[in-house]
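Below you'll find the structure, written out as structure tokens, and then a few comments.
Coordinate-derived values only; no laboratory data. Only a predicted model underlies this, so the values are computations on that prediction, with no experimental measurement involved. In this analysis, Cβ positions are derived from the backbone assuming ideal geometry, glycine residues included, and neighbour counts consider all displayed protein chains.
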Amino acid sequence: MISDLTQRIFHLKYLKFYLISTLFGLLALLPLLIRGPFYSHILIMIFLHAAAAASWNLIGGYAGQLSLGHAAFYGIGAYTSTLLFVQWGISPWLGMLVGGGVAAVVAGLFSFPCFKLRGPFFTLATIAFGEVVRILAIYFRGLTRGAIGITIPFRPGIENLMFHGKMAYCYFALVTMMTVFFVSFLIERSRFGYYLVALRGDEDAAQALGVNTTMCKLMAMMLSAFFTAICGTFAAQYVLFIEPISEFSIDRSILFALISIIGGIGTAAGPIIGSFILTPLQEFLRAWLGGQYQGLHIFIYGCILIAVVMLLPEGVIVWVRTFVKRITYYVNIS
Amino acid sequence: MTIGQIAINGLLLGGIYALISIGLTIIFGVIRVINFAHGEFLMLSMYASFWLFQLLGIDPYVSILIIIPIFFIAGWLTQRAFIQPILKGPALMQIFITVGVSLAMMNGALFLWKADYRSVTPSYAAVTFKMGDFLIGLPRLVAFFSSIVIVLILYLFLKKTHLGRAIRAVAQDREAALLMGINMHRIYLIAFGIGTACVGVAGPLLLPIYPVFPTVGTYFVLIAFVVVVLGGMGNMTGAFLGGLIIGLIEAFSGFFITPQLQSLVYFVVFILLLLLKPSGLMGVVGAEEIGMK
Amino acid sequence: MKKMFLSMVCVLLIFLSFSSLNAAEVIKMGILFPFTGPLAKQGNDQFMGVDIAREMLNNAGGLWGKKIEFVKGDTTTNEAAVAEAERLITVEGVKLIIGTYSSSRSMAASNTTEKHKVIFWEVNAIADELTQRGFKYYFRANVKSSDYGLAAVPFIFEVVAPALKKDAKKLRIATTYEDSLYGTITADAFTKLGKEKGLNFVGEFPFTSGAVDLSSTIMKLKALKPDVVFIVPYVKDMILFWRQSKELNFDVPLLIGGGTVGESGVVEGLGGDIEYVCNAYLPTGCNPKALTPEARKDLEEFEKIYQKKFGTKPPILAITGFANTNVLFRHVLPKAGSLDPEAVRKAALAVDIPEGGTALGFGVKFNPPEDKMAGHNAKAFAIIQQYKKDGLFVVWPKKYALRKPELPMPTWDARKKK
């Protein structure tokens, strides 16, 4: 009878569930296992970048609209919550939601007319959009303090989303990442998700079948902007200093897309995998070589990027899937 | 007269933009890849010209002759090594390989040559012509006329030669060109080579005007994309006119609005252009759709 | 396969970043400068000066019988600055960090150092705000952004107005500056001080650093016919600005820079055209007679070593880096007796060097923690330099001047005739 029970529990169809829960369990334990502020910092960056990349993935991966202007939303989130906090003492928890809302609205207004653009043209429009937002943020000094940037006074406390030590930041970043992950996961399995897959594959065909592609893209974009802005707020609360040139930089937009692409675009786990690879790589290359030889660490990073893109054009997740399939196969045989 | 001088400044600036964008319009028009490394090729050609001047005493304008074949080959190799293998993959991968190439080139230059600003000061660099009330700098004038010359040469090449016609065919309609028996990969290699050679010419022409340092390319690359779209992808004359227009927009908006917003104006123009007439001034309508799938 | 390779590389890197050298024989100090990115040149130039200070100290026997060793961190971006500060403190175990050239990087990194109670020794960044945060472990030996204005304004009253034969308050003053943190605060401070003293500002023209064309800015300035233009650019902008001014025949009786106009690269890019342009800066290149013998000796030795290593005279940023680090090495650390941050703090606050006592020419006295500008060197001040045929020299105030100011600047036509 016991073997009967064992057989039931360890049935093949639960295998994926066990694997995933183990992984989640590990992730949840990571902030406790990683010791040392520098390594905790890297973990926070991993989670943060994964969350931002996963947010980008909603429009870039699932909807297939390659945006390279997402830093605009990130910065909008950072600036909105920071200004609300510094000027009127409004908690960043609320500021985060307001920032997300503003970003979503801006995203909707801008992207709606742009959705008729295909391929690289949409991308170019988003690049221009990102630059426009950056220039405006510097220009309107009265509102944003311009290039001078804003320093956030350190007043630790959960109501201010500021903490002593790294652990709390770690968990908050982790929770953000998991939230976007679950949102992606749910979308994947919903009707909305199917519409997105359809329009990503062949937009005209999807339209012909009655899918309102514009509405779908709009929803994905606004959702994506909302979560990206939240990541911006978190980053501001962590670094405690924001300036237009950093928050709105095109390099940041490229990074979000890059992480999703390396990990596996259009999948829920892709951005997480991508961040676990790229973020430590960047940090450790810089830590190891940055002080010694000017430029060498970024040169190597660029070369690795080229290599990974060439070897794994579909992203690292292809391997993960093959790996899981193999395990499933072997378990099946035994 | 101030307005006249502003217009001249704008046109001369536009000539520079055109020079940089001609190469990109060929690459973008034929291969349809957003080449983020374009600015870095410009940077490398400026460095090449600088070192030829510094070490061998070769005048920048003369160095063009040496640089053209080198950069043609460099472009060919880049296409062969990095872009051709992943052409079948998702379009984003092609973009991100160019990002990798761009990072590697920029920081390779930083590693090898440090971040110092390198300038050349040949005797003619400071010559300015005075035509009535208007002032025109010699290096800028040379750059302006060079872009016209390049456009003419390429125009003749594309119109009159068999290879040129094949390139145009691929730019207009990829599938039809395939059906016509054109060897796509060879065309891509040649197009990338020509495009890179063009930006290779731009480098020595810009060196008497701007100092070179590893990140100099990043200031030009976005403008180049705006010009290419404005002019119509794959269209040389379009790139030239587009460059002039953007130059004029920048000069006038910088003066009448504020210099801080001069880039903003052409980005906004760019977005409007994309929304209203994505084929650009002289592109074939619908050419931007074909070859997307 | 690729993933295995990548993860092996990662592990190797982690391991390597752990490895530190023989800790017993050396004293480790952290270094934070932008070695890559848009500020790479400046970061590297300045670090060269800081490094020679270390060399000189080691040659003289080091500190407490041990040699100094630097652990370097690259602050490409603000986030990198935070990460590197964390790494230097918690992985490498340094108790003191010297840096960072850039106000933005300094702002970001020092949030971390203050949390860990690690000394942050800023040798260059000038944003006033850096020392307005009430930090206890942050010390800036250098001038602040408003100091450039504090030098330029009296210079205008005392020297420029009489040279141009006009009443100072009737002079037309315009500012133009690159619109990031550095340019904005320096120009703002100058404008504020100038207005307080009654100067007449006719226009301000921010531009984006790295702009490929500055003709609109120049055309606008030309239209205003200013007597004085105060410019705060980065080096590449300065080269373009002055070249285009020549092309567009923009004449101005005085062009005065807010610091960076003195940096290396300007002369290489502009050649003889830079002659007569003025610059507000720290008293580098000042009259050696204004320095104490000890400071003079240090400066001479520094220049000798730099010349031997690099074959050229040291650029201004290197001198600044050297001199401000030397304050730490010569006057603070020996008194502190160890690298313990509390001891260093106490020693730093006790320092009181008279004017002329550092290689840069100013004295040192750090404001106490209760002060609004805690940690800032109250004795730092700026002077005015002018480019002459054979270099950049201090021309005002008289006490530090090596040469006389020659104003107004000749017009482009007059320059061509020379």
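Let me check against my output: what whole-number percent is the relative contact order of chain C, with C-alpha pairs under 8 Å and at least 6 apart? After rounding, I find 17 percent. Peptide B:82-92 has a mean of 4 when you count, residue by residue, the C-beta atoms of other protein chains within 10 Å of its C-beta.
Highest mean first, the peptides A:33-42, A:72-81 sorted by other C-beta atoms within 10 Å per residue fall in the order A:72-81, A:33-42. At the listed q of 0.06, 0.11, 0.13, 0.14 Å⁻¹, the Debye profile of chain C, built from one uniform point per Cα, gives log10 I(q)/I(0) equal to -0.25, -0.81, -1.09, -1.24.
With all pairs of separate Cα atoms included, the protein assembly as shown yields a Kirkwood hydrodynamic radius of 30.1 Å.
Here's the picture: charge each Lys and Arg Cβ at +1 and each Asp and Glu Cβ at -1 in the protein assembly as shown, and of C:VAL212, A:PHE241, B:PHE53 the one pushed furthest to the positive end of that dipole is B:PHE53. Using Cβ point charges alone (K and R +1, D and E -1), the dipole size of the range A:37-249 about the Cα centre works out to roughly 120 debye. Per residue of peptide B:246-259, the mean number of Cβ atoms on other chains within 10 Å of the residue Cβ is 4. Look at A:TYR293, A:TYR18 and count the other Cβ atoms within 10 Å of each Cβ; fewest to most, that gives A:TYR18, A:TYR293. Positive end of the dipole of the range A:37-249 (Cβ unit charges, origin at the Cα centre): among A:VAL175, A:PRO37, A:GLY146, the Cα lying farthest that way belongs to A:GLY146.
The Cβ shell under 13 Å around A:GLY165 holds other residues with a net charge of +2, Lys and Arg each +1, Asp and Glu each -1.
Provide, as a two-decimal number, the C-alpha radius of gyration of chain B over 2.2 N^0.38 Å, N being how many residues it has. So chain B has a normalised radius of gyration of 0.98. The Cα atoms of the range A:37-249 define a convex hull whose projected area, averaged across directions, is 11.5 nm².
Which is farthest toward the positive dipole end of the protein assembly as shown among A:GLY95, C:PRO354, C:THR75, measuring Cα position about the Cα centre, with Cβ charges +1 (Lys, Arg) and -1 (Asp, Glu)? Checked the options; the winner is C:THR75. Per-residue ellipticity at 222 nm, computed for chain C from helices alone with -39500 (n - 2.57) per DSSP H run of at least four residues, works out to -12000 deg cm²/dmol.
The local environment of A:THR214, defined by Cβ-Cβ distances under 15 Å, has a net charge of +2 under the rule Lys, Arg +1 and Asp, Glu -1. For chain A, relative contact order (Cα pairs under 8 Å, six or more residues apart, normalised by length) works out to 31 percent. Only helices enter the 222 nm calculation for chain A: every DSSP H run of n ≥ 4 contributes -39,500 (n - 2.57), and dividing by all residues gives -25000 deg cm²/dmol, rounded to 500. Relative contact order of chain B, taken over Cα pairs closer than 8 Å and 6 or more residues apart, is 38 percent. Adding -39500 (n - 2.57) for every DSSP H run of four residues or longer, then dividing by how many residues chain B holds, sets the calculated 222 nm ellipticity at -23500 deg cm²/dmol. Rounding to the nearest 10 and keeping the result within 0 to 90°, find how far the Cα-based axis of helix B:2-31 lies from the longest principal axis of chain B. Roughly 20 degrees between the two axes. Each peptide in A:176-183, C:72-79, A:239-246 receives the mean, over its residues, of other Cβ atoms within 10 Å, and ordering these scores from highest gives C:72-79, A:239-246, A:176-183.
Peptides C:90-103, A:301-314, B:25-38 ranked from most to least packed give B:25-38, C:90-103, A:301-314, packing being the mean of other C-beta atoms within 10 angstrom over each peptide's residues. Please grab the % of Cα pairs in the range A:246-334 that end up more than 14 Å from each other. That fraction is 70 percent. Take each residue of peptide A:36-42, count the partner chain Cβ atoms within 10 Å of its Cβ, and average: the result is 6. Between the helical axis of B:162-172 and the longest alpha-carbon principal axis of chain B there is an angle of about 80 degrees.
With 18 Å as the cut-off, how large is the P(r) tail for the range C:294-418, expressed as percent of Cα-Cα pairs? Looking at the range C:294-418, the distances longer than 18 Å represent 64 percent of pairs.
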